[in-house]
Amino acid sequence: MTDYSMIHKPVLLEECVDLVAPAVSRAGGIVVDCTLGLAGHATAFLAAAPGAHLIGIDRDAEALAMATQRMRDAGFAERFTPVHAAFDELSDVLDGLHIRHVNAVFMDLGLSSLQIDENERGFSYAHDAPLDMRMDTSQELTAERVLAEYGERDLERILRSYGEERFSRSIAREIVRRRAADPLETSHQLNALVDGVVPQAHRPAGNPAKRVFQALRIEVNGELDKLARTLPQAALHLAPYGRIVVESYHSLEDRTVKTFMNQGLHADVPAGLPVVPDDAQPFFRALTRGALKADDEQIAANPRSASVRLRGVELIRPIPPRFRRRLGDMAKDAVRDAAQEARHGADGKGRRG
């Protein structure tokens, strides 16, 4: 039996359980863990809600297999359904299981312990490894391919938008110059390149390549697009008083989550309107005041928790028809965008420039 005490404890675990468990406390409650990982959150949810059933989604087949075994070892196999999929396939997953409504949807947007600890996956800039960064190892697009094939303008856009990298233009230019003679294949090579470009006087704390690695990981896995696709699907599948709970780890993720949740937290009317129509009333209730953050003690125990932002909302009334149409349109747009991404990923078109 695996020694699960050796696996990193999930960030803000107790806080996540406190937000999720009340929604699935009744027998027959269903919680979807969209980012199952090694089932750290999932086992805690089922332990706190003995009558609940959990659907665990993960695009990483290795992690899914390990999580499934962990559920068996914990005695939760009968209350657990594993699904190999990306979390933006949430609606398809539920349709395939003939489930219309769920009581809670949870997402932990950080890397899993498996992805961080397995050096050959290339997620960490602290270890020399191939530049892979795929959460789903069956997909074709890797960080190495991005660095080898994307044009300078696309590289600059990715580093600026996804990494908020101040020196994105200089780094992109150097990547294109360097790869002509020496392909970038390892994290050590990329670290050295960034180290040579970013001026000493303008470096953030820690490794200067941190933002570059973040940007590449987001691009390879389509993380922000998938998040934007998943949130409306989650809302449309919530049962009355169902909850959406999300842990984010950088400002772009948190901004996406906050913007989405705010659509249902505030009346959708012009400021100063004396009477709010029924179909413009808020339909979410905030479960957190702003975003919950890790305290000093938690950060000391797990430095990875320093950047976490935890937000949650509860569905307090049926989503008005016009909002349901809006969410449905967002989901349809997402399906079209996903199809375009898949075509680009297969043929490489649109990646050079």
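The values are calculated or read from the model by the stated rules, or taken from the named source; none is laboratory data. These numbers come from a predicted model, not from an experiment. When we count neighbours, we look across all protein chains shown, and the Cβ atoms used for this are built from the backbone with ideal geometry, even at glycine. To get the accessible areas, we keep the full protein, side chains included, count just its heavy atoms, and leave off ligands, DNA and RNA. Shrake-Rupley method; radii C 1.70, N 1.55, O 1.52, S 1.80 Å.
Taking amide hydrogens as placed 1.01 Å from N in the peptide plane, the amide H of residue 242 sits under 5 Å from those of 315, each at least 5 positions away in sequence or on another chain. Ranked by the mean number of other Cβ atoms within 10 Å of their residues, highest first, the peptides 34-41, 74-81, 46-53, 15-22 come out as 34-41, 15-22, 46-53, 74-81.
Amide H contacts under 5 Å for residue 81: 54, 55, 56, restricted to partners 5 or more places along the chain or on a different chain, H placed in the peptide plane at 1.01 Å from N.
Taking Cα atoms only, the orientation of helix 223-236 departs from the longest principal axis of the chain by about 10 degrees. Classify the chain as rounded, prolate or oblate from the Cα gyration tensor: take a ≥ b ≥ c as the square roots of its eigenvalues, call it rounded if a/c is under 1.5, otherwise prolate when a/b beats b/c and oblate if not. Prolate shape, in that a/c is at least 1.5 and a/b is the bigger ratio. For segment 246-251, 3J(HN,Hα) computed residue by residue from phi via the Karplus equation (6.51, -1.76, 1.60; θ = phi - 60°) reads 9, 9, 10, 10, 8, 4 Hz, glycine and proline entered as x.
Between the listed residues 131, 38, 239, the Cα displaced farthest toward the positive end of the dipole of the chain, a dipole computed from Cβ unit charges relative to the Cα centre, is found at 239.
Axis of helix 210-221 versus longest Cα principal axis of the chain: the two differ by about 60°, to the nearest ten degrees. Ligands, DNA and RNA left out, the accessible area of the chain computed with a 1.4 Å probe is 51% carbon and sulfur.
Considering only 158, 300, 264, and ranking their Cα positions along the charge dipole of the chain that arises from unit charges at the beta-carbon of Lys, Arg, Asp and Glu, the one farthest toward the positive end is 264. Coupling constants for segment 322-327 follow from the phi torsions by the Karplus curve (6.51 cos²θ - 1.76 cosθ + 1.60, θ = phi - 60°), and in residue order they are 5, 6, 4, 5, 4, 5 Hz; glycine and proline get x. 3J(HN,Hα) couplings calculated from phi for segment 149-155 with the Karplus curve 6.51 cos²θ - 1.76 cosθ + 1.60 (θ = phi - 60°) are, in sequence order, 10, 6, x, 4, 5, 5, 4 Hz; Gly and Pro show x.
Packing, taken as the mean count of other beta carbons within 10 Å per residue, orders the peptides 212-225, 289-302, 254-267 from highest to lowest as 212-225, 254-267, 289-302.
Counting only alpha carbon atoms, the long axis of helix 168-179 and the longest principal axis of the chain meet at about 50°. Between residue 102 and 238, 239, the built amide H atoms are under 5 Å apart, and every one of these is 5 or more places off in sequence or on another chain. Accessible area per residue for segment 147-226 is 47 Å², calculated with a 1.4 Å probe on protein heavy atoms, without ligands, DNA or RNA.
Rolled with a 1.4 Å probe across the full set of protein chains, the surface gives residue 275 an accessible area near 110 Å².
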